[in-house]
Amino acid sequence: MTNDEFKNKLEERTMAFTVAVLDVLYRLPKHPLFTVILAQLAKSASSIGANYREANRAESKPDFVHKIGIVEKESSETVYWLTVLSRVTFLEEHLKRELNPLFAEAVELLKLFFDNQTQINPLKSTLIPAQTFEL
C-alpha cells in the first residue's frame with residue numbers, strides 16, 4: 001500500500017468513526033445530564049478525522065507534527081468521554097453495549113496516533129500508552 005493509499009484509507013476510517021459516534025449519540029437520551037458529555041464527545045470524535053485530514057494537507061513538517069498531535073489529543077479525549085458514558089449508572093445497559101465497538105475503534109485510533117507521535121518525538125514514549133485504557 002502506498003503512503004497516499006494509507007492516508008486515504010485512514011481519512012475514510014476516521015470519517016466513518018465520526019459518523020458512527022454521531023449515530024449512537026443521536027439515539028442516547030436527551031436528558032440534561034448528557035448535554036455536556038454528548039457535545040464534548042461529538043466535538044472530540046469529529047475532530048479526529050477533521051484534524052487528520054488537515055494534517056495530510058499540512059504546509060510543512062512542523063505543521064504536520066502539530067496537527068497529528070491534536071489528533072492524538074482528540075483521540076484520547078474521545079476515549080475519555082466514551083469511558084464516562086460507559087460508567088454512568090443512569091444509562092441503560094443496551095445503550096452502553098453500543099459504545100463497545102466505538103470504544104474499541106477509539107482506542108485503536110489513539111494507539112495509531114500515539115505511536116505516530118512517539119516516532120516523531122521519542123520523549124512522548126514516557127507518557128501513558130494507549131493500551132492502558134479499558135471500559
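Screening segment 1-32 for residues that are modelled with pLDDT of 95 or more and of a type in the set (Val, Ile, Thr) and picking the one that is surrounded by the fewest Cβ atoms within 10 Å (Cβ to Cβ) gives Val19. Report yes if Thr35 is surrounded by fewer than 12 Cβ atoms within 10 Å (Cβ to Cβ), out of contact with any Gly (no Cβ under 6 Å at 6 or more places or on another chain) and over 21 Å from Glu98 (Cα atoms), otherwise no. No. The residues listed here are Tyr80, Tyr52; of these, the one that is of a type in the set (Ser, Thr, Tyr), at pLDDT 90 or above, more than 27 Å from Asn3 (Cβ to Cβ) and part of a helix (DSSP H, G or I) is Tyr80.
Contact map, segment 68-86: first residue surrounded by fewer than 18 Cβ atoms within 10 Å (Cβ to Cβ), second residue among the hydroxyl-bearing types (Ser, Thr, Tyr), Cβ cut-off under 7 Å, separation 6 or more or different chains; the map is empty. Quick check: anything in segment 109-124 within 30 Å of Leu28 (Cα to Cα), modelled with pLDDT under 90 and surrounded by 12 or more Cβ atoms within 10 Å (Cβ to Cβ)? Looking through segment 109-124, at least one residue is within 30 Å of Leu28 (Cα to Cα), modelled with pLDDT under 90 and surrounded by 12 or more Cβ atoms within 10 Å (Cβ to Cβ).
Note on segment 18-37: residues that are part of a helix (DSSP H, G or I) and free of Cβ contacts under 8 Å to residues at least 12 places away in the same chain total 6.
Residues in segment 55-67 that are aliphatic (A, V, I, L, M) and loosely packed, with under 15 Cβ neighbours inside 10 Å: Ala58 only. Counting the residues of segment 38-54 that are surrounded by fewer than 19 Cβ atoms within 10 Å (Cβ to Cβ) and either aromatic (Phe, Trp, Tyr) or in contact (Cβ under 8 Å) with a residue 40 or more places away in the chain (or both) gives 2.
The values are calculated or read from the model by the stated rules, or taken from the named source; none is laboratory data. Computed from a prediction, not measured in an experiment: that's the story for all the values here. As a convention, Cβ positions derive from the backbone with ideal geometry for all residues, glycine included, and neighbour counts pool all protein chains shown.
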